[in-house]
Amino acid sequence: MTKKIVANWKMNGSFEESDQWLVNFIDRVESANGALKNVEAIVCPPVIFLDSMSASIMDYSFEKLEEKISAQNKTIEDFKEDVLSEMILNGRPISLGAQDCHYENSGAFTGDVSAKMLVEIGAQYVILGHSERREKYFEGSEIVAKKVAICALQKIVPILCVGENKEVRDSGKHLEFVYRQLLASVPKGVRFEKLIIAYEPIWSIGTGVVPTIAQIKEMISLIKKIAKEKISEIADEFFVLYGGSVSLENSSEILSISNLDGLLIGKVSLNADDFFEICKKASS
Ligand code: PGA
């Protein structure tokens, strides 16, 4: 299974920095002699940078395709339009995602962005229910489930975050908490091609405190069990990621967890070189 390595920039960066990040990341992909094997890198910048990053990614992919086609002594005109656009899409060195969306397609929701708009701008993924949104914007699981549901209709892949706080962990009720939070955040009556669930213990996000491998494994196993038994009818494919203080140093050990499908990385992902190095470690 392809591992998903997700960069969550949160509210950081500028146009110039986002450009430079992409140039650095693509340079690293090039010098590593092509794409990362069995790894999908996904970058989720603030929504304002998506448009220009999407254009740069498509330009790069188009240039690469032109090189490939001319090496075969053919020209662009030799290919049908739909085949060409499929090849350009498949040649992207990195996928794009957003950090949130609204659950309606349009309407009187000042300041919000819909999943439909994100798709239009080139996003393939959207992080939903991140603990910072649950805590700072009081987003409950009911709202999160509605946001996840609109993704199924708009064909954008949700990266649904769940995780307990320190108090819950200390009380020993973390498994029960995540069980309930996950089921409450997953909508009924819709169908996804892909559904990504990220386990992000709040006590680990941005703190440098990382759960033990056994603690991560225990939670990933629980989420996979819930996915299999309770929500498998709504998605063809499930991926379960870990997020919280992932670094260059600890990423290999975390990635060695056999049932883990990838990582969601905050602070460290702001550095394109470090993010690339972690993607490389996930490659097989
Ligand atoms: P962190 O953030 O890697 O900076 O801990 C992870 C996240 O919030 O997604």
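Taken over segment 110-143, the criterion of being touching an Asp or Glu at 6+ places or on another chain (Cβ under 7 Å), part of a helix (DSSP H, G or I) and away from the ligand (no atom under 16 Å from the Cβ) is satisfied by Ile121 alone. For segment 263-284, filtering for residues that are within 15 Å of the ligand (Cβ to nearest atom), touching a Ser or Thr at 6+ places or on another chain (Cβ under 7 Å) and open to solvent by 20 Å² or more (accessible area, probe 1.4 Å) leaves 1. Residues satisfying the criterion are present in segment 79-94 (criterion: in contact (Cβ under 8 Å) with a residue 40 or more places away in the chain and open to solvent by less than 80 Å² (accessible area, probe 1.4 Å)).
Matching residues to (1) among the charged types (D, E, K, R); (2) within 16 Å of the ligand (Cβ to nearest atom); (3) under 21 Å from the mean Cα position of the chain (by Cα); (4) within 23 Å of Lys116 (Cα to Cα):
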| position | (1), (2), (3), (4) |
| --- | --- |
| Ile150 | no, no, yes, yes |
| Lys166 | yes, yes, no, no |
| Gly172 | no, no, no, no |
| Leu183 | no, no, yes, no |
| Leu195 | no, no, yes, yes |
| Gly206 | no, yes, yes, no |
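Taking the criterion of being hydroxyl-bearing (Ser, Thr, Tyr), in contact with a Lys or Arg (Cβ under 6 Å, 6 or more places away or on another chain) and open to solvent by less than 30 Å² (accessible area, probe 1.4 Å), the only residue of segment 247-262 that qualifies is Ser251.
Of everything in segment 230-262 that's within 11 Å of the ligand (Cβ to nearest atom) and of a type in the set (S, T, N, Q), which residue is nearest to Thr2 (Cα to Cα)? Taking the candidates together, the pick is Ser251. Note on segment 117-143: among residues that are over 16 Å from the mean Cα position of the chain (by Cα) and within 20 Å of Ala235 (Cα to Cα), the one that is least open to solvent (accessible area, probe 1.4 Å) is Ser141.
The values are calculated or read from the model by the stated rules, or taken from the named source; none is laboratory data. Quantities reported herein were computed from a predicted structural model and do not represent experimental measurements. Neighbour counts run over all protein chains shown; Cβ positions are idealised from the backbone, glycine included. Surface areas here come from the heavy atoms of the whole protein model, side chains and all, with no ligands, DNA or RNA. Shrake-Rupley method; radii C 1.70, N 1.55, O 1.52, S 1.80 Å.
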